[in-house]
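Chemist: Here it is: the structure, laid out below.
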Amino acid sequence: MNDIPKHYNPGRIESRWYAEWVQKGYFRSEPDERPPYTMVIPPPNVTGVLHMGHMLNNTIQDVLVRRARMRGYNACWLPGTDHASIATEAKVVNKLQSEGIDKKKITREEFLKHAWEWKEKHGGIILEQLKKLGASCDWDRTKFTMDEDLSDSVINVFIDLYKKGLIYRGVRMVNWDPKALTALSDEEVVHKEVQSKFYYVRYQIQDTDEYVTIATTRPETILGDTGICIHPEDERYKHLIGKKALVPLIDRPVPFILDEYVDREFGTGALKVTPAHDINDYNLGLKHNLPSIDIFNDDGTLNEKAEIFIGEDRFAARQKVADALEKKGHMIRVETITNSIGFSERTEEVIEPKLSLQWFLKMDALAEPALDVVMDDTIRFHPPKFKNIYKHWMENVRDWCISRQLWWGHRIPAYYLPDGRYVVAKNRDEALLEAREKLDPNLKAEDLVQDEDVVDTWFSSWLWPISVFDGINEPDNKEIRYYYPTNDLVTAPEILFFWVARMIMAGLEFRNEIPFKNVYLHGIVRDKEGRKMSKSLGNSPDPIQLMDNYGADGVRVGMLFSSPAGNDLLFDESLCEQGRNFCNKIWNAFRLTQGWQVDHNLDQPENAATAIRWFESNLNQALQTIESHFEKYRIADALMAVYKLIWEDFCSWYLEMVKPDYQKPIDARTYESTMTFLNQLLRILHPFMPFISEEIYQHVKGADDAESITIAPFPKAADFDQKMTASFAFAREVIMAIRNLRQEKNIPQKEALTLFVKKNNKEQPDTTFDGIVQKLCHINSLEYTDHKPEGTHALIVRSTELLIPLDQHVDTEEEIRNLEEELKYQEGFLQKIEKKLSNEKFVNNAPEKVVAMEQKKQRDAKSRIQVIKSQLENLKK
């Protein structure tokens, strides 16, 4: 005991054990004869630092991989980071601005040099923080999406898809981010409900004094109008067919067009058409051959085509246009409405629909097989409710805009000739050879100009489970054949389409095989009021500080305590405190056992032998439950089963049953069994709480045990004695009832009690735990009787009467009141049960086990009512 601290100090042991695990290579994996268990980390942005979402995600992953490692799998958890084009470029641009450097005034090569320097300085922060959490990744395999082999994979895939006709270049309406100055895919746009102004503006009919009123939320786009659309059956506007209207402020004549697209009930029923700045207007423009006038610069300011307010920001221009319309008599009225606005996921800038020449990937052919493997459960979603969401998206998928107007990232391998034609090739030399062969034999290398854009970051991360094992460049290499497909993917539902769906597409396209077998989708970490955690709200705790306060094990448990798959986690710091308390409970139980003196000459008491048989059965039953939870990916439920097994069953019950009397020794057989149980419990606990389990394991492991708990075998569930566990369940109720009586009557624990037990309904006594009942309740005499002795207080456990002589403690009137209250409750309970069982629909459709359980409740309630009535009858005599 002298070398075991009184208090558990996580700060003292966590860094020490983690360093040893890494140094000993316990997390390393190489292909061998064992079955693989593979998981790839969702690569956090290289710009990132640890937040609560990372904590939850990586805790779940670590639980799964540590358990797999202990179950004999060759566990490979591969870590890495994502280059995050938009986020990283913004960071580097801001850094350069702080140093007085304008990105526009330096070359691409100079900018990339700054970007790589920034990455080397800041890029590894989050991975180092994950080590503090206990993440058991194979750090020697750490990957970065712009590593040379991963970059080659991206380029090779681009070329392959281009040659298959799936990648094309064209002018399309895209989501434009005026802050990041790049196009975004539909999945990178977050739609929010906002309060907007709805402007009613009148347009004069050309060569008349008549006006038509049109409603818009964006009066600044009036300057790009090229038509007005009316419904062909709208009687209000039939006289305007063939006429033109004048765009307010600039007097541009625009035609009236007829289309059933217009909703006659919305606004005024007349729709301004601005093909360059709205996807629906763009489609109308194509259909009716309207010109497209793009009035915005890339940064969201007005250009020369707007004719007025040139150089003004779009939102400043909105107000100025509205003021000008008011001044010139065009503004009829302004209303407030709620509408949906698209925002950039990365910069939170309002998205600007914009016609742009971009690169696209056709998705239809890729989406169909990726949908099939999820719907037929080849890939299982946990929870399965996300299958329908996935199905809806995959059946309505649109072509993916894959080009980004950035410098940081994988540069598009397209090389342009002076006349605008292009070739797609791996590098300039190959491009020159292909261009000379197919387009112009007289070309020189300097005639070719590579595309300035990079591909979308997701275009590299969709290859992640393949490219980290070099399966694109070397499709038959040993590692990809061994580790792929991976086993489990743990991620958040918000990137189900960004990443999960696209990885499935890539796996099927490039390896003709799914990338993973299970997808565990956890919820968003919110505060206890249900708000999403964010810096702006100030409701997101610092994970590092939490671990400093409560230990990594405490925080891990705190995160998982309220984290059902697919549902958002309402995080409360008190959960981490509960996790720390669990650590302390385990530590104190360990110290208790280490303080016992072992006497090898003592015989094992019968109570101890009974306790050991019970706990062994209970342990195996719990293991079956835990295994079932893991199979269903109910990680939080598995933890709660472990928590109950250790805190309640082992600490609160088993140790109390076997611990020796004060200052007395314990027999060797009982002690050895207790240490064996503790060893097994630590292994069961280890995936959830790796540090404290390792620390205690080092004290209790046997000579033949593994040198570290990280590689110790996970206990396997065996058959258990159901009769033994059922017997204890009843004994436990008896013990709790007697303890409650002591508390109610203020009877000191040191005062011994006499207990008479009266069985009813011809039940036979089960004496298995009588000795333990006597020990834990301080009963000096326990007898079975067929009548109620005089002067005894009666407790009812199920249909059994516990009769305790209390002398001065008995208050007959109070007993009658309590029994009458209990009778009223039991009769109400029985009424509800019988109502349920009288429902034929319930009896016929409910699972057999459920009906049997309700029938048992009915029998138990009837027996209890009978006993209560009998007691009342005796008391009232």
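The values are calculated or read from the model by the stated rules, or taken from the named source; none is laboratory data. Bear in mind that the values here come from a model prediction, so they are computed numbers and not experimental data. Here Cβ is always computed from backbone atoms with ideal geometry, including for glycine, and neighbour counts include all displayed protein chains. Ligands, DNA and RNA are excluded from the accessible area calculation, which covers all protein heavy atoms including side chains. Shrake-Rupley method; radii C 1.70, N 1.55, O 1.52, S 1.80 Å.
Chemist: Within region 679-710, which residues are under 16 Å from Ala641 (Cα atoms) and either open to solvent by 10 Å² or more (accessible area, probe 1.4 Å) or not in a helix (DSSP H, G or I) (or both)? Lay out the reasoning, then the answer.
Modeler: Going residue by residue through region 679-710, those that are under 16 Å from Ala641 (Cα atoms) are 680-689.
If the condition is that a residue be under 16 Å from Ala641 (Cα atoms) and either open to solvent by 10 Å² or more (accessible area, probe 1.4 Å) or not in a helix (DSSP H, G or I) (or both), then Gln680, Arg683, His686, Pro687, Phe688, Met689 are the ones that fit.
Chemist: Of everything in region 487-510, what is open to solvent by 30 Å² or more (accessible area, probe 1.4 Å) and touching a Pro at 6+ places or on another chain (Cβ under 7 Å)? Give them in sequence order.
Modeler: Leu508
Chemist: Out of curiosity, is Asn477 open to solvent by 10 Å² or more (accessible area, probe 1.4 Å), modelled with pLDDT of 95 or more and closer than 21 Å to Asp147 by Cα?
Modeler: On the way: open to solvent by 10 Å² or more (accessible area, probe 1.4 Å): yes; modelled with pLDDT of 95 or more: yes; closer than 21 Å to Asp147 by Cα: yes.
Taking the combined requirement at face value, the residue satisfies it.
Chemist: Would you please name the residue that is nearest to Leu357 (Cα to Cα), looking only at residues in region 386-403 that are open to solvent by 90 Å² or more (accessible area, probe 1.4 Å) and either among the hydroxyl-bearing types (Ser, Thr, Tyr) or in a helix (DSSP H, G or I) (or both)?
Modeler: Glu395
Chemist: Another one. Taking the conditions exactly as written (of a type in the set (Gly, Ala, Ser), open to solvent by 30 Å² or more (accessible area, probe 1.4 Å) and more than 19 Å from the chain's Cα centre (by Cα)), does Gly538 satisfy them or not? Outline the logic, then answer.
Modeler: Values: of a type in the set (Gly, Ala, Ser): yes; open to solvent by 30 Å² or more (accessible area, probe 1.4 Å): yes; more than 19 Å from the chain's Cα centre (by Cα): yes.
Yes, satisfied.
Chemist: Just to be sure I understand the filter: pairs with C-beta atoms under 6 Å, separated by 6 or more residues or on different chains, first member in region 5-21 and over 20 Å from Ala135 (Cβ atoms), second member at pLDDT 90 or above. Which pairs pass?
Modeler: Tyr8/Cys583; Tyr8/Asn584; Tyr8/Trp587
Chemist: Of all residues in region 181-235 being of a type in the set (Val, Ile, Thr) and outside any strand (DSSP E or B), which is farthest from Arg398 (Cα to Cα)?
Modeler: That would be Thr208.
Chemist: Moving on to the next point. Taking the condition of being surrounded by 24 or more Cβ atoms within 10 Å (Cβ to Cβ), aromatic (Phe, Trp, Tyr) and out of contact with any Leu (no Cβ under 9 Å at 6 or more places or on another chain), how many residues in region 65-92 meet it?
Modeler: 0
Chemist: Okay, moving on. Under 8 Å between Cβ atoms, which residue pairs at least 6 apart in sequence (or on different chains) link something in region 714-727 that is under 22 Å from Arg798 (Cβ atoms) with a partner that is open to solvent by 50 Å² or more (accessible area, probe 1.4 Å) and of a type in the set (Val, Ile, Thr)?
Modeler: Met724/Thr768; Ser727/Thr768
Chemist: Take the residues of region 293-330 that are among the small types (Gly, Ala, Ser) and in a loop (DSSP other than H, G, I, E, B): which is surrounded by the fewest Cβ atoms within 10 Å (Cβ to Cβ)? Step through it out loud before you land on a result.
Modeler: Going residue by residue through region 293-330, those that are among the small types (Gly, Ala, Ser) are 300, 306, 311, 316-317, 322, 324, 329.
Applying the additional criterion that residues be in a loop (DSSP other than H, G, I, E, B) yields 300, 311, 329.
Numbers: Gly300: 20, Gly311: 12, Gly329: 10.
So, considering only residues that are among the small types (Gly, Ala, Ser) and in a loop (DSSP other than H, G, I, E, B), the one surrounded by the fewest Cβ atoms within 10 Å (Cβ to Cβ) is Gly329.
Chemist: Here's something else I'd like to know. Which of the residues belonging to region 589-613 are in a helix (DSSP H, G or I), open to solvent by less than 70 Å² (accessible area, probe 1.4 Å) and not polar (S, T, N, Q)?
Modeler: Filtering region 589-613 down to residues in a helix (DSSP H, G or I) leaves 589-594, 606-613.
Restricting the remaining residues to those that are open to solvent by less than 70 Å² (accessible area, probe 1.4 Å) gives 589-594, 607-612.
Within region 589-613, Ala589, Phe590, Arg591, Leu592, Ala608, Ala609, Ala611, Ile612 meet the criteria.
Chemist: Taking region 254-269 as the region of interest, how many residues are modelled with pLDDT of 95 or more and touching a Leu at 6+ places or on another chain (Cβ under 6 Å)?
Modeler: Count: 1.
Chemist: Considering only region 512-532, state which residues are touching an Asp or Glu at 6+ places or on another chain (Cβ under 8 Å), of a type in the set (Val, Ile, Thr) and surrounded by fewer than 21 Cβ atoms within 10 Å (Cβ to Cβ).
Modeler: Scanning region 512-532 gives a single hit, Ile524.
Chemist: May I ask you to say which residue of Ile41, Ile4 is hydrophobic (A, V, I, L, M, F, W, C) and within 24 Å of the chain's Cα centre (by Cα)? First the steps, then the outcome.
Modeler: Values: Ile4 fails: within 24 Å of the chain's Cα centre (by Cα).
Ile41 is the lone residue from the list that is hydrophobic (A, V, I, L, M, F, W, C) and within 24 Å of the chain's Cα centre (by Cα).
Chemist: Still on this structure: Going through Thr274, Thr216, Thr221 one at a time, which residue ends up being hydroxyl-bearing (Ser, Thr, Tyr), touching a Gly at 6+ places or on another chain (Cβ under 7 Å) and either touching a residue at least 12 places away in the same chain (Cβ under 8 Å) or crowded, with 19+ Cβ neighbours inside 10 Å (or both)?
Modeler: On the way: Thr216 fails: touching a Gly at 6+ places or on another chain (Cβ under 7 Å); Thr221 fails: touching a Gly at 6+ places or on another chain (Cβ under 7 Å).
Of the residues listed, the single one that is hydroxyl-bearing (Ser, Thr, Tyr), touching a Gly at 6+ places or on another chain (Cβ under 7 Å) and either touching a residue at least 12 places away in the same chain (Cβ under 8 Å) or crowded, with 19+ Cβ neighbours inside 10 Å (or both) is Thr274.
Chemist: May I pose another question? I'd like the full set of residues that are free of Cβ contacts under 8 Å to residues at least 24 places away in the same chain and touching a strand residue (DSSP E or B) at 6+ places or on another chain (Cβ under 7 Å), limited to region 226-256.
Modeler: Correct list: Ile241 only.
Chemist: Another one. Kindly indicate whether Ala68 is at pLDDT 95 or above and in contact with a Lys or Arg (Cβ under 7 Å, 6 or more places away or on another chain). So that I can check it myself, show each step before the final result.
Modeler: On the way: at pLDDT 95 or above: yes; in contact with a Lys or Arg (Cβ under 7 Å, 6 or more places away or on another chain): no.
Here the answer is no, as Ala68 does not meet what is asked.
Chemist: Also: Here is a check on your reading of the model: is Gly300 touching a strand residue (DSSP E or B) at 6+ places or on another chain (Cβ under 8 Å), farther than 30 Å from Glu509 by Cβ and not hydroxyl-bearing (Ser, Thr, Tyr)?
Modeler: Numbers: touching a strand residue (DSSP E or B) at 6+ places or on another chain (Cβ under 8 Å): yes; farther than 30 Å from Glu509 by Cβ: yes; not hydroxyl-bearing (Ser, Thr, Tyr): yes.
Yes.
Chemist: Report, by residue number, each residue of region 493-521 that is of a type in the set (A, V, I, L, M), more than 14 Å from Lys387 (Cα to Cα) and in contact with a Gly (Cβ under 9 Å, 6 or more places away or on another chain).
Modeler: Answer for region 493-521, where residues must be of a type in the set (A, V, I, L, M), more than 14 Å from Lys387 (Cα to Cα) and in contact with a Gly (Cβ under 9 Å, 6 or more places away or on another chain): just Ile514.
Chemist: Val424 passes all but one of (1) under 21 Å from Leu184 (Cβ atoms); (2) open to solvent by less than 10 Å² (accessible area, probe 1.4 Å); which number fails?
Modeler: Failing condition for Val424: (1).
Chemist: Does region 812-858 hold any residues that are under 20 Å from Leu802 (Cα atoms) and either modelled with pLDDT under 85 or open to solvent by less than 60 Å² (accessible area, probe 1.4 Å) (or both), and which are they?
Modeler: Thr812, Glu813, Glu814, Glu815, Ile816, Arg817, Asn818, Leu819, Glu820, Glu822, Leu823, Gln826
Chemist: Could you check region 459-471 and list, in sequence order, the residues that are hydrophobic (A, V, I, L, M, F, W, C) and open to solvent by 30 Å² or more (accessible area, probe 1.4 Å)?
Modeler: So in region 459-471, the residues hydrophobic (A, V, I, L, M, F, W, C) come out as 459, 462-464, 466, 468-469.
None - no residue of region 459-471 is hydrophobic (A, V, I, L, M, F, W, C) and open to solvent by 30 Å² or more (accessible area, probe 1.4 Å), so the list stays empty.
Chemist: Something else about it: Out of all the residues in region 166-173, is one or more of a type outside the set (Val, Ile, Thr), closer than 24 Å to Arg314 by Cα, buried (at least 20 other Cβ atoms within 10 Å of the Cβ) and touching a residue at least 12 places away in the same chain (Cβ under 8 Å)? Spell out the reasoning first.
Modeler: Just the residues of region 166-173 that are of a type outside the set (Val, Ile, Thr), to begin with: 166, 168-170, 172-173.
Those left that are additionally closer than 24 Å to Arg314 by Cα: 172-173.
Retained after the next criterion (residues that are buried (at least 20 other Cβ atoms within 10 Å of the Cβ)): 173.
From what is left, the residues that are touching a residue at least 12 places away in the same chain (Cβ under 8 Å) are 173.
Checking region 166-173: at least one residue is of a type outside the set (Val, Ile, Thr), closer than 24 Å to Arg314 by Cα, buried (at least 20 other Cβ atoms within 10 Å of the Cβ) and touching a residue at least 12 places away in the same chain (Cβ under 8 Å).
Chemist: I'm checking my understanding of the structure. Among residues of region 186-216 that are of a type in the set (S, T, N, Q) and touching a Phe, Trp or Tyr at 6+ places or on another chain (Cβ under 6 Å), which one is farthest from Asp263 (Cα to Cα)? Before you say what the answer is, go through the steps one by one.
Modeler: At the first step, the residues of region 186-216 found to be of a type in the set (S, T, N, Q) are 195-196, 204, 206, 208, 213, 216.
Then keep just the ones that are touching a Phe, Trp or Tyr at 6+ places or on another chain (Cβ under 6 Å); that gives 204, 213, 216.
Details: Gln204: 22, Thr213: 15, Thr216: 14 Å.
Among them, the one singled out is Gln204.
Chemist: Determine, yes or no, whether Ile804 is touching a residue at least 12 places away in the same chain (Cβ under 8 Å), open to solvent by less than 10 Å² (accessible area, probe 1.4 Å) and over 48 Å from the mean Cα position of the chain (by Cα). Let's see the steps before the verdict.
Modeler: Numbers: touching a residue at least 12 places away in the same chain (Cβ under 8 Å): yes; open to solvent by less than 10 Å² (accessible area, probe 1.4 Å): yes; over 48 Å from the mean Cα position of the chain (by Cα): yes.
The answer is yes for Ile804.
Chemist: Can you give me the number of residues within region 28-64 that are at pLDDT 95 or above, farther than 19 Å from His522 by Cβ, part of a loop (DSSP other than H, G, I, E, B) and open to solvent by 10 Å² or more (accessible area, probe 1.4 Å)?
Modeler: 7
Chemist: Could you list, in sequence order, the residues of region 773-799 that are in a strand (DSSP E or B) and either touching a residue at least 60 places away in the same chain (Cβ under 8 Å) or among the small types (Gly, Ala, Ser) (or both)? Walk me through it before giving the result.
Modeler: Restricting attention to region 773-799, the residues satisfying the condition of being in a strand (DSSP E or B) are 779-785, 792-797.
Result: Ser781, Ala794, Ile796, Val797.
Chemist: Another one. Kindly indicate whether Leu639 is within 21 Å of Asp62 (Cα to Cα) and either surrounded by fewer than 18 Cβ atoms within 10 Å (Cβ to Cβ) or out of contact with any Gly (no Cβ under 6 Å at 6 or more places or on another chain) (or both). Full working, then the answer.
Modeler: Numbers: within 21 Å of Asp62 (Cα to Cα): yes; either surrounded by fewer than 18 Cβ atoms within 10 Å (Cβ to Cβ) or out of contact with any Gly (no Cβ under 6 Å at 6 or more places or on another chain) (or both): yes.
When the stated conditions are applied, Leu639 passes them.
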